[in-house]
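What follows is one structure encoded as C-alpha cells, with my remarks underneath.
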Amino acid sequence: MSDATPAAAKPPEADASAVDARREQSTWFRFYRRNGRALNAFITLVLVWGFFAVNNPVLFLNPIFYGAFLFSVPATVFLTTALVFVIVSGELDLAFPSVVGAAGGVFMYMVMNGFPVLGAFGLTLLFGAVIGLGIGLIVVYGRISSLVATLGLNFFILGIVNLLAQGRTITAPAAVDTFGYRLFVGKWELFGTGLQVPMHFVWCLVWTVFCWVLFKYHRFGVRVQLVGDNSDSARQMGINVERIRVGVFVFSGIAAAITGAVLVQMANMVWFPTSGKAYLLIALAALFVGGTPTWGGVGTIFGAFFGALTVTLIPSGAVAAGFAGFWTDFLFGLVIILTMIAHRFSGARVR
Amino acid sequence: MAANDEPIIELRNIVKRFGNVEALSGVTMNVRKGEVLGLLGDNGAGKSTLVKTLAGVHDPDEGEIIVKGKPRKPWTPLAARDAGIETVFQDRALAPQHSIVTNIFMGREITNWLGLTQVRQQIDEANRLMREIGFTSKVFNPESTVGHLSGGERQGVAIARALYNQADVIVLDEPTTALSLTETQKVFRFVEAVKASGRTVIFIGHNIYHVWEIADRFFVIDRGREAFEGEKAQFKGADHLIEMMHQLAETGRADTATLKQPA
Ligand SMILES: Nc1ncnc2c1ncn2[C@@H]1O[C@H](COP(=O)(O)OP(=O)(O)OP(=O)(O)O)[C@@H](O)[C@H]1O
Ligand SMILES: [Mg+2]
C-alpha cells in the first residue's frame, strides 16, 4: 500500500497488492482475535467446574445440584448481558439493584390485586423502561458522571421503595401455579435425566440470544459499540450519541425489571424491598470475568453469559465440593484476578 | 472552469468561539456547484473549524448556513450528511477498535426493516468502494480492525466512507498528509473523478503545489477571517499564490492588486 514508487513508473491499474507477498492472518487466528474473550470466559467456566468436580465427583454428577444451579443463574444472566451494553457504551450503571427491587414490588402489587401474571409482567417491563429512561436522561443531559449519578440514584430509588413499603413484604400465594407463573418459573424434566430445568433458565437463554443479535447485528448495538469506541467520531458521523447513551440505560432498566419480576416468582410470589441488593457486585464481577473490558467500545454477550455461570457456580460449587464457607470469597477473588490476567492475552486496547 | 455560478453552499458571516478564543470571526464563503475549491491558510487559521461548522459538528455562534438555496437550522452532522455533504475530517473520525466495514458504514448502516445490519451486503459494498479508490492489499480486508492499519490506510477508510453516499459535496480536510506519492496520486485521481461527475469538492492542504494542481479556485483564511480569494486563472501560477501567502504571513495582508481581473 505505501509503496513509494512514482505513479508514472507503472500504470495506475497495476495494483501494488499483486506483488505483495504478505498474507492475511489464518482463519483460526482471526477467530481467536475476534472471540478470544468469550473463549477465555468459557474456559474459565470449564476450569472452575472441573476443579470442583474433581474435589467431589459424586455430587457433580448429581442432577439436583445442577437443578439448583440452573434455578439461581438466570437472574445474574439477565442483569449481566444488559450491563454489557452499558459498559461498552462507556457508561456505568450502579442503580440496577434498586430497579430490580422496585420492579419486583410493582409486579407483586399488581399480582396481589388480581392482575394476571403475564399482564403484570408486561407492565413491569414498561415500568423498568421508564425508570431507565429517567436515569438515562439525568446522566446524559445532567452531564453527570454515570458512576456518581447511578450510585446516588440507587440509594434514592431504594429509599423511595423503602418509604412506600414501610418494611412490609408483599405476598400473593393465590398466583402460585397459575398459567403465567408456570410459564415463567415452572419446571420440566430434561428427557428423563432427573434434571429439573426451570423455565426461567430457558428464558434467560432466549434473552441471551436476543441480546447477542441486538448487540452484534442491530443498528442500536453497533452504534453502542461505536459510541463507546470513540464518541467524537460517532457524533461527527451523524450518530445521535445522547440518544444511544439514554438507550443503554433504558435497556438496563428493562433487564432489571425482568430480573425483579422473575426473582419474586422464584420466591413463590414473595417480595421484600431489597431483593436486588445482592446482585450489584455479582453482576459486575460476572461481566468482567466474562471478558468485557472496562474501557468501552467492545464487549461480548456470550462471554457475559459464561461469566454469569462462573460467578454463580463458585459459591454453590465451593460449598458442594466440601470447602468451608470461608473459602468462597477467596476463590471468588482468585478467579476474578486470574481471568483478568487471561483476558490480557486477548489484546490490550487498540487505538 | 466547468463550474457554473450557482452556489451550492453559502456560508454567511460565520462566527465561532471556543470559550474566549474566536476561531472564526465572520467568514463568508460561497461554494459553486461542480468546482474544486482549495481552502488555504496557516496552522490555526480556522480551516478545520470552518469545515466542521459546514459538517454540522460545530454550531456557529452567529451566521447562516445555506445549502442548495435553503437556510439550514438546526444544522447537525446527520442533517449535513442528509443534505449531501460528506466530510473527511482532519482527525479521520474513525472507531479504531472496529472493522473497516463498520467504520465505512458508521451512522449509515445498511439495515433491513428490523434494523438488522446486512453484513454480506456491507462487505461487498466496502470491497467495491475500496477497489474503486485503489485501496486494496493482501494484509487487510473489510473485516480487519482499523486500529491495526497504518496512518495512510486509515485515511483510505475515511475517504471510502465519504465516497459511499454519492454525496454532492465532498470535503477533504488535509487528505494527503501522511500519504506516499502513489497514494497522493490516487487521491488526486479520486478528486478529478468526483469533479468529472459534476460534484463539488472542498480541498484543504498545506502543500500549495498539490492544491494548485487540482483546485479551480482558492479561498484563503487568516486568523479566523477571509484574507483573499481568486480563480486559478487570476494567478500567474502556483508561485504567485505562494508569494501572496508569504506576504500575508509576514505583513498580515496580501496585495490583491496583483491578481488578474476575473474572467
Ligand atoms: N474544540 C476547540 N476548542 C478550543 N479551541 C479550538 C477548538 N477547535 C479549534 N480551536 C482553536 O481554533 C483555532 C482554529 O483551529 P482550526 O483547527 O480550525 O485550524 P486549522 O486552520 O484547521 O489549522 P491546521 O492547519 O493546523 O489544521 C485554533 O487556534 C484552535 O486552537
Ligand atoms: Mg485543520
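The figures follow:
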| item | result |
| --- | --- |
| Single residue of the range B:78-105 satisfying the filter (farther than 24 Å from B:GLY205 by Cα and among the hydroxyl-bearing types (Ser, Thr, Tyr)) that is nearest to the other protein chains (Cβ to nearest Cβ) | B:THR102 |
| Top-ranked residue in the range A:244-258 [being farther than 11 Å from A:LEU133 by Cβ and open to solvent by 10 Å² or more (accessible area, probe 1.4 Å); ranked as farthest from the other protein chains (Cβ to nearest Cβ)] | A:ILE258 |
| Given (1) of a type in the set (D, E, K, R); (2) modelled with pLDDT of 70 or more; (3) open to solvent by 80 Å² or more (accessible area, probe 1.4 Å), number of the condition A:ARG37 does not satisfy | (3) |
| Residues (open to solvent by 90 Å² or more (accessible area, probe 1.4 Å) and over 13 Å from A:THR274 (Cβ atoms)) located in the range A:153-162 | A:PHE156 |
| In the range B:51-67, residue nearest to the other protein chains (Cβ to nearest Cβ) [restricted to those that are under 14 Å from the mean Cα position of the chain (by Cα) and open to solvent by 10 Å² or more (accessible area, probe 1.4 Å)] | B:VAL57 |
| One residue from A:VAL246, A:VAL264, A:VAL202, A:VAL227 being touching a strand residue (DSSP E or B) at 6+ places or on another chain (Cβ under 6 Å) and assigned to a helix (DSSP H, G or I) | A:VAL264 |
| Check on B:ARG108, charged (D, E, K, R), farther than 20 Å from B:PHE218 by Cα, within 16 Å of ligand 2 (Cβ to nearest atom) and within 14 Å of chain A (Cβ to nearest Cβ) | no |
| Scan of the range A:185-241 for residues that are within 16 Å of the chain's Cα centre (by Cα), buried (at least 17 other Cβ atoms within 10 Å of the Cβ) and hydrophobic (A, V, I, L, M, F, W, C), ordered by number | A:PHE201, A:TRP203, A:CYS204, A:TRP207, A:CYS211, A:TRP212, A:LEU214, A:PHE215, A:VAL224 |
| Single residue of the range B:161-189 satisfying the filter (over 30 Å from B:ALA249 (Cβ atoms) and under 13 Å from the mean Cα position of the chain (by Cα)) that is modelled with the lowest pLDDT | B:LEU163 |
| Subset of the range A:163-172 (residues that are open to solvent by 30 Å² or more (accessible area, probe 1.4 Å), closer than 20 Å to A:ILE258 by Cα and not in a loop (DSSP other than H, G, I, E, B)) | A:THR171 |
| Where a residue in the range B:88-116 is free of Cβ contacts under 8 Å to residues at least 12 places away in the same chain and its partner, wherever it lies, is of a type in the set (Lys, Arg), with Cβ under 6 Å and at least six apart | B:THR111/A:ARG219; B:GLY115/A:ARG219 |
| Only one of A:GLY291, A:GLY276, A:GLY296 that is surrounded by fewer than 24 Cβ atoms within 10 Å (Cβ to Cβ) and assigned to a loop (DSSP other than H, G, I, E, B) | A:GLY296 |
| Helices (runs of 4 or more DSSP H) wholly inside the range B:116-235 that include at least 1 residues being within 12 Å of chain A (Cβ to nearest Cβ) and surrounded by 18 or more Cβ atoms within 10 Å (Cβ to Cβ) | B:119-132, B:151-164, B:181-196 |
| Residues of the range B:19-42 classified as open to solvent by 10 Å² or more (accessible area, probe 1.4 Å), within 8 Å of ligand 1 (Cβ to nearest atom) and of a type outside the set (A, V, I, L, M, F, W, C), total | 2 |
| Residues of the range A:339-351 satisfying the condition of being surrounded by 14 or more Cβ atoms within 10 Å (Cβ to Cβ) and away from chain B (no Cβ under 14 Å) | A:THR339, A:MET340, A:ALA342, A:HIS343 |
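Rundown of residues vs (1) small (Gly, Ala, Ser); (2) touching a strand residue (DSSP E or B) at 6+ places or on another chain (Cβ under 7 Å), yes/no style:
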{"residue": "B:ASN127", "(1), (2)": "no, no"}
{"residue": "B:ASN141", "(1), (2)": "no, no"}
{"residue": "B:SER144", "(1), (2)": "yes, yes"}
{"residue": "B:ASP168", "(1), (2)": "no, yes"}
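The values are calculated or read from the model by the stated rules, or taken from the named source; none is laboratory data. Only a predicted model underlies this, so the values are computations on that prediction, with no experimental measurement involved. Virtual Cβ from ideal backbone geometry, glycine too; neighbours counted across all protein chains shown. With ligands, DNA and RNA removed, areas are computed over all heavy atoms of the protein, side chains included. Shrake-Rupley method; radii C 1.70, N 1.55, O 1.52, S 1.80 Å.
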